[in-house]
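The values are calculated or read from the model by the stated rules, or taken from the named source; none is laboratory data. Note that this is a predicted model, so its numbers are computed, not measured. Every residue, glycine among them, receives a Cβ derived from its backbone with ideal geometry; neighbour counts consider all protein chains shown. For the accessible areas, the whole protein counts, side chains as well, though only heavy atoms, and no ligand, DNA or RNA atoms are used. Shrake-Rupley method; radii C 1.70, N 1.55, O 1.52, S 1.80 Å.
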Amino acid sequence: MTITYLKCGRPDVERAKDDAKVRATVESVLADIAARGDAAVREWSAKFDGYAPVDFRLSASEIQAAVQKVSVRDMEDIRFAQTQIRRFAEVQRESITDIEVETIPGVILGHRTIPVQSVGCYVPGGKFPMVASAHMSVLTAAVAGVPRIIASAPPFRGAPHPAIVAAMHMAGAHEIYVLGGMQAVAAMAIGTQTIKPVDMLVGPGNAFVAEAKRQLYGRVGIDLFAGPTETMLIADDTVDAELCATDLLGQAEHGYNSPAVLVTNSRKLADRTLVEIGRLLKILPTAATAGVSWADYGQIILCDTYDEILSVANDIASEHVQVMTDRDNWFLEHMHSYGALFLGPRTNVAYGDKVIGTNHTLPTKKAGRYTGGLWVGKFLKTHSYQRIVTDEAAAMIGEYGSRLCLLEGFVGHAEQCNIRVRRYGHKNIPYGAAAE
């Protein structure tokens, strides 16, 4: 196997140091908010966002005022995107059904899918107003039937961002807050004097938001660990360097620590992509961000075979994987660790981020090895139940259950079974004796 790294990012040891600093900062902020509630939230918001209103929650009139500031064209575009996302979420919801089966005569087992009762949806918006994140979290939770959906986004240039507020409202948020970062996540999960805590947190965010969700997990549920954006291109000679460079930098502009990786079996494409990235960084308006991200986190990996490409791609388990090869379906069949796939040159990550209908809240930092992205099913809990409707079934299951309980030494468990055998099977079984 010959795998060559033509460009590498920062060493893992340096990234680990960054992560440690983030962990310490988040831990102190969460502890402060847990201890002091609203006062701490207001102080941290003032420090990080320069924003400390009397009430972070928007009133109905404030929501309507924000909506009125959104242009007709922007509102039409938001409606179009939400229509696509709602359609796909509704189909997903319809695929999840309650079940009930009689496994043996008289024994009925089943499960019900029940929505999480309250969800906090975080929408990033400090540097770039992530309007689409409102669709992805709030609207999907609404399709799932969550009865209380609260949404929070940071202020943008000192005020609520009208398009974000409009998207949250149109998607179905019951409460809307203008609050950003880890202080927003903490307030929603821990609760304050004015914010009732939620059962679950969802939504993407920067490294501090992702770490806050990690530290709060257990106290509340979370969708997944969705930190800084990651993108990977799997490409061969069927595409050109301009397309590859555009797709890499298009995601690198998210932040200063957004990994962008090209994995290819074409040295020609790799070399030309490097040149094209240099050209685009001279004219891209967001080059100040994308350039740093590419310098520190960009990679170009050259492989000999498609099997090697597949191995590298599954190992990296990137959040977004753009596949542009002569065998896209082969990668669809064989990729097993990723957030979402974007197959062929006609689609791209930006489509998934904003409008096509799939969800853009996806696993990062190799979490694609064990979880998929946010979808309507994340807001649903599957709860089982059982019912026995005949005396014969109760006694028969009791006999097996009694013996299996005593096998483990649980006499009290066994007696739960034995009493049913005595009552419904008409057998005289002494306390603690196994049914036979």
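Only one residue in 370, 338 is among the aromatic types (Phe, Trp, Tyr) and out of contact with any helix residue (DSSP H, G or I) (no Cβ under 8 Å at 6 or more places or on another chain), so which one is that? When all the criteria are applied, what remains is 370. Figure legend. Inter-residue proximity from the stretch 224-240: first residues over 26 Å from residue 372 (Cβ atoms), second residues among the basic types (Lys, Arg) and at pLDDT 95 or above, beta-carbon distance below 9 Å, spacing 6+ or different chains. Indicated pairs: 236/327; 237/268; 240/272.
Pairs are defined by a Cβ separation below 9 Å, a sequence spacing of at least 6 or placement on different chains, a first member in the stretch 180-207 that is within 14 Å of residue 117 (Cβ to Cβ) and at pLDDT 95 or above, and a second member that is polar (S, T, N, Q) and open to solvent by 20 Å² or more (accessible area, probe 1.4 Å); the pairs so defined are 198/117; 199/117; 200/117. Of all residues in the stretch 1-25, those satisfying the criterion of being open to solvent by less than 80 Å² (accessible area, probe 1.4 Å) and either part of a helix (DSSP H, G or I) or hydrophobic (A, V, I, L, M, F, W, C) (or both) are 3, 6, 8, 14, 15, 16, 18, 19, 20, 22, 24, 25.
Residue-wise test of (1) under 17 Å from residue 8 (Cβ atoms); (2) surrounded by fewer than 16 Cβ atoms within 10 Å (Cβ to Cβ); (3) not charged (D, E, K, R).
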{"residue": "282", "(1), (2), (3)": "no, yes, no"}
{"residue": "286", "(1), (2), (3)": "no, no, yes"}
{"residue": "315", "(1), (2), (3)": "yes, yes, no"}
{"residue": "325", "(1), (2), (3)": "no, no, yes"}
{"residue": "354", "(1), (2), (3)": "no, no, no"}
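If you filter the stretch 357-400 down to residues that are aliphatic (A, V, I, L, M) and open to solvent by 50 Å² or more (accessible area, probe 1.4 Å), you find that the one that is farthest from residue 339 (Cα to Cα) is 396. Of all residues in the stretch 256-275, those that are closer than 16 Å to residue 325 by Cα have Cβ atoms under 6 Å from Cβ atoms of residues that are open to solvent by 70 Å² or more (accessible area, probe 1.4 Å), 6 or more apart or on another chain, in 266/237.
Residue-wise test of (1) closer than 20 Å to residue 52 by Cβ; (2) surrounded by fewer than 24 Cβ atoms within 10 Å (Cβ to Cβ); (3) hydrophobic (A, V, I, L, M, F, W, C).
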residue	(1), (2), (3)
111	no, yes, no
114	no, yes, yes
134	no, no, yes
138	no, no, yes
141	no, no, yes
147	no, yes, no
151	yes, no, yes
154	yes, no, no
157	yes, yes, no
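Given the condition in contact (Cβ under 8 Å) with a residue 24 or more places away in the chain and among the acidic types (Asp, Glu), answer yes or no: does some residue in the stretch 54-61 qualify? Scanning the stretch 54-61, I find at least one residue that is in contact (Cβ under 8 Å) with a residue 24 or more places away in the chain and among the acidic types (Asp, Glu), so the answer is yes. Tell me, yes or no, whether the stretch 133-148 has at least one residue that is more than 28 Å from residue 69 (Cβ to Cβ) and of a type in the set (Gly, Ala, Ser). Scanning the stretch 133-148, I find at least one residue that is more than 28 Å from residue 69 (Cβ to Cβ) and of a type in the set (Gly, Ala, Ser), so the answer is yes. Pairing each residue of the stretch 84-106 that is assigned to a helix (DSSP H, G or I) with any residue that is open to solvent by 70 Å² or more (accessible area, probe 1.4 Å), provided the two are 6+ apart or on different chains, yields C-beta distances under 9 Å for 84/356; 85/356; 88/356; 88/375; 89/375; 92/375. Restricting attention to the stretch 140-180, the residues being part of a loop (DSSP other than H, G, I, E, B) and not basic (Lys, Arg) number 13. Considering only residues in the stretch 26-38 that are assigned to a helix (DSSP H, G or I) and open to solvent by less than 50 Å² (accessible area, probe 1.4 Å), the one that is nearest to residue 232 (Cα to Cα) turns out to be 26. Scanning the stretch 343-352 for residues that are open to solvent by 20 Å² or more (accessible area, probe 1.4 Å) and within 23 Å of residue 225 (Cα to Cα) gives 348, 350, 351.
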